[in-house]
Amino acid sequence: TPQYADWEKYYTENKENVVVLGFPCNDFMGQEPGSAEEIADFCQKNYGVSFPMFEKVHVKGDEKAAVYQWLTDPAQNGWNSQEPSWNFCKYLINEKGELTHFFASKVKPDSPEFQAAIGL
């Protein structure tokens with residue numbers, strides 16, 4: 001998917017001030033069937049991804065990873081209950097460790113709503 005390239009470009013241009021983290025999952029129609037290593041290799045070879053890619057996790061349901069439990073539970077993060085509805089949903093966390101924004105799958109680094117959220 002081209003979003004890997006978009007986010008790699010953003011990460012490369014801004015890595016002094018931002019961290020992009022990739023959490024592969026297979027929760028949406030089986031679109032990430034490979035192992036974490038296979039996914040990372042694919043992303044690096046096809047899109048030049050150099051930002052950290054984590055082990056494959058569940059982002060919804062009973063086996064939801066702890067980070068996604070925090071991201072989607074208002075009692076833990078202060079406000080957000082939105083779970084990813086598809087691949088490439090994004091969560092913006094500030095330098096204080098506070099969840100500040102949720103973005104739908106189609107939001108890219110150059111989109112107006114993302115640019116506004118990061119103050120550009």
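Results, tabulated for the structure shown:
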quantity: Residue within the range 55-72 that is of a type in the set (Lys, Arg), under 25 Å from GLY119 (Cβ atoms) and in contact with a helix residue (DSSP H, G or I) (Cβ under 9 Å, 6 or more places away or on another chain) present; calculated: no
quantity: Tally of residues being free of Cβ contacts under 8 Å to residues at least 60 places away in the same chain and over 14 Å from the mean Cα position of the chain (by Cα) across the range 101-116; calculated: 5
quantity: Count of residues meeting criterion [under 20 Å from PHE114 (Cα atoms) and of a type in the set (A, V, I, L, M, F, W, C)] in the range 1-48; calculated: 7
quantity: Helices (runs of 4 or more DSSP H) contained entirely in the range 1-111, each with at least 3 residues that are surrounded by 12 or more Cβ atoms within 10 Å (Cβ to Cβ); calculated: 2-14, 36-47, 66-71
quantity: Of the criteria (1) in contact (Cβ under 8 Å) with a residue 60 or more places away in the chain; (2) touching a Pro at 6+ places or on another chain (Cβ under 9 Å), which one PHE88 fails; calculated: (2)
quantity: First in the range 30-49 and over 23 Å from TYR10 (Cα atoms), second anywhere and hydroxyl-bearing (Ser, Thr, Tyr), Cβ under 9 Å, 6 or more apart; calculated: GLN31/THR1
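Values quoted throughout were computed directly from the atomic coordinates according to the rules given, and no laboratory measurement underlies them. Just so it is clear, the model here is predicted, and its values are computed rather than measured. Counting neighbours? That spans all protein chains shown, and the Cβs are built from the backbone with ideal geometry, glycine included.
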